[in-house]
Amino acid sequence: MADLYESSVKLAMLKFNGLVIWRLGSRAIIRKYSSPSATVFKTEKIDASKSISDKNITSPETNGKDNTSLVAAAFASINSPESEDSRKPSPKSVKLNRHQILDNEIAKANDVNSLLVVAENPIVSRRHALKMVSTLSEWSSSNKVKLSDFEKDPRFLKLCRILAWSTSSQALSSLTMAEDLSTVLGITGDDEAARLIGNLSLTQMIKVMKALHSKGRRSTPLLRALSHNITNQSVPLDLKKSADLLFAMASLNFPDPVLMDRICNDVISNLKSNEDKPAVVTSIMVSLGLMRYRHEAALTALAEWLQTHKDVCRASDVASAVVTFGTVDFVPPMCDGLMENALLLKEEEMVKPSSWLDFVFSLLTLNQAREDHLLSTVRPEFIDKLLSSGEIPIPARRKLMAIDAYVSLKFPQQGLRLAEDISVGVPIVYTKEKALYIQSIMDTFKSLVSADAFMKRECYSGMGFLYDAEFALNSKCHPVPLEKAVNNTSVHRIAVLGLDYHDMTRRTVVPLGVNQLYTKLLEMKGFKVLQIPYTEFNPKDKLVTRVQYIEKRLKQIVSDAL
């Protein structure tokens, strides 16, 4: 009998053409090699120290009988066809199916009882609990239900326990406070919270975005999840929701381009329904400026609304629009009426002196400022107003220095100049990213202008900004020593301005208004300005490619000057 059993095992093994070695305690993967008789089991790599002491790993030499039984059982199972009726879904698939049923029941619920009935199910997860609490929160905020309808309900208290809320009062505070993050962030960490975002309504997602802004918490996984889910919502965003989202995104420095475009398109569609609320329009305009987002269609629609509804607009609304236009260097077409209203504004109409300075500086970047505008900001009386709020911030000082430089170059007959102490102690340095970008430009210039006598680097303009290099060329694009270029009208003095990502607008990528102003000031001083934007100059390109780009640009500058 034993011989007959052994023969059957051998026949089964010969059927598969190879020696089979079973090794318990490790997973095996069959790999077929070119030899028809070679079937090898490739075991997963395991820790050597664990394999030595692991009692579950049994040597095939010491347990041959057990291996024979396993082989026989294995081949027996292969040879016996599996009946379709005997197949049963795995517990995991059944569990997933039940979760889907719960999701459907939550979605169909239209009152407190039908929603809380779902909470009686024993497999309610934290995800389901969050979805039900979020629904109750939305119903409560819209006055569809009252807190007293469910605050003492045992089923609601069960949800609170699932969500790790020790008391119902903690849950109720989360329902009633729009700025409270506990509905999401109090449950789990950022990654798991991000996975739960899809269960929230649009209103709830906007509340979470606002809460992140109010708490100054820039959680990238959560922000990405919010951006993705809000973008995919089919419900249009009204102006209030759009303004709230844009302001939160600007405060958190999270200008997601897909969501930004979605918001801007909804803003364009919904502006027509707004007749008497300029505050929400101004909020949207300001946020676009803060994020340097040059969505020309949206900016044009907003400007047209301000122009059409000038009777309900305040002076601050018009001034804020001008500041945004100056930031992104864009004046919407067919909006001459808005700019005319802007030029009529007076300093007394501004809430703060700094607002007047920002307004005048923006007019200057747009080439719209009058002489009286500019002179009003450099007078000692205005400087005293700025100082009344404390020390003048560095960005404001740079604006004053640029305005003063423009006045001295454009209106030299004016003896009025900015007090010298305004420019004292104003640091003008590169950021780390900008320094690396400029270094790549300077390394490229070494192949064109090698000697220090021909090029000056990191030049302080005295006008509130640095320009990256200065050199001179003759009409044949050959370098000329700087000392020979002074007061020599036959050579071209070149100023270099490298423009990295932070110097350009988003969406429509062009230099910011402030960089266009710096270019203009340098031109007024007799320079030909070579702007090198990051969109055209890649530090990772080969040296010969970078040199060819700069040579081409220089030849164009010289030819345009002839």
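Brief remarks follow.
- Gyration tensor (alpha-carbon) shape descriptor, segment 314-364, a/c threshold 1.5: oblate
- Residues His373, His228, His309, ordered by accessible area of protein heavy atoms at a 1.4 angstrom probe radius and largest first, appear as His228, His309, His373.
- Only protein heavy atoms count here; on that basis, with a 1.4 Å probe, Ile383 has an accessible area of about 10 Å².
- Under the simplified labelling scheme, the Ala297-Glu275 pair shows an inter-label distance of 2.7 nm, with each label point 7 Å from Cα along Cα→Cβ.
- Charge dipole magnitude, Cβ of K and R +1, D and E -1 - segment 395-491, Cα centre, debye nearest 20: 200 debye
- Of the residues Thr203, Thr324, the one with the largest accessible area comes first in the ranking Thr203, Thr324, computed with a 1.4 Å probe on protein heavy atoms.
- Within the accessible area of segment 236-340 (1.4 Å probe), percent carbon and sulfur: 55 percent
- Ordering Arg127, Arg417 by accessible surface, largest first, gives Arg417, Arg127; the 1.4 Å probe counts only protein heavy atoms, with every chain in place.
- Cα-centre dipole for segment 346-427 with unit charges at Cβ (Lys and Arg positive, Asp and Glu negative), debye to 20: 220 debye
- Reducing segment 209-235 and segment 238-287 to their Cα centroids gives an inter-centroid distance of 15 Å.
- Given a 1.4 Å probe and the protein chains as shown, Trp356 ends up with an accessible area of around 10 Å².
- Rounded percent of accessible protein surface that carbon and sulfur make up, segment 101-163, 1.4 Å probe: 49 percent
- Entries in Lys241/Lys399; Lys399/Lys446; Lys207/Lys240; Lys434/Lys476; Lys215/Lys385 that, when Cα-Cα distance is taken, lie over 22 Å: Lys241/Lys399; Lys399/Lys446; Lys434/Lys476; Lys215/Lys385
- Average accessible surface area per residue within segment 236-340, 1.4 Å rolling probe, Å²: 39 Å²
- Proximal charge balance of Phe382 [Cβ under 14 Å; K/R count +1, D/E count -1]: 0
- Net charge contributed by nearby residues that have their C-beta within less than 11 Å of Ser201 (K/R +1, D/E -1): +1
- Accessible surface for Leu521 stands near 0 Å², nearest 10, in the context of the full protein assembly shown (1.4 Å probe).
- Taking label positions 7 Å along the Cα-Cβ direction at both Lys352 and Lys446, the computed distance is 4.6 nm, reported to one decimal.
- Of the beta bridges in segment 437-562, as assigned by DSSP with both residues counted there, near 70 percent are antiparallel.
- The charge dipole of segment 209-342, taken about the Cα centre with unit charges on the Cβ atoms of Lys, Arg (+1) and Asp, Glu (-1), comes to about 760 debye, rounded to the nearest 20.
- Across segment 212-256, the residues whose backbone nitrogen lies under 13 Å from the label position 7 Å along the beta-carbon direction of Glu433 are 253-255.
- Extension gain for the segment Asn110 to Lys146, taken as residue separation times 0.36 nm less the Cα-Cα distance, is 11.5 nm to one decimal.
The values are calculated or read from the model by the stated rules, or taken from the named source; none is laboratory data. In this text the structure is predicted, and so the values were computed from the model without any measurement. A quick note on method: Cβ atoms are made from the backbone with ideal geometry, for glycine too, and the neighbour counts reach across all protein chains shown. Calculation scope for accessible area: heavy atoms of the full protein, side chains included, ligands and nucleic acids excluded. Shrake-Rupley method; radii C 1.70, N 1.55, O 1.52, S 1.80 Å.
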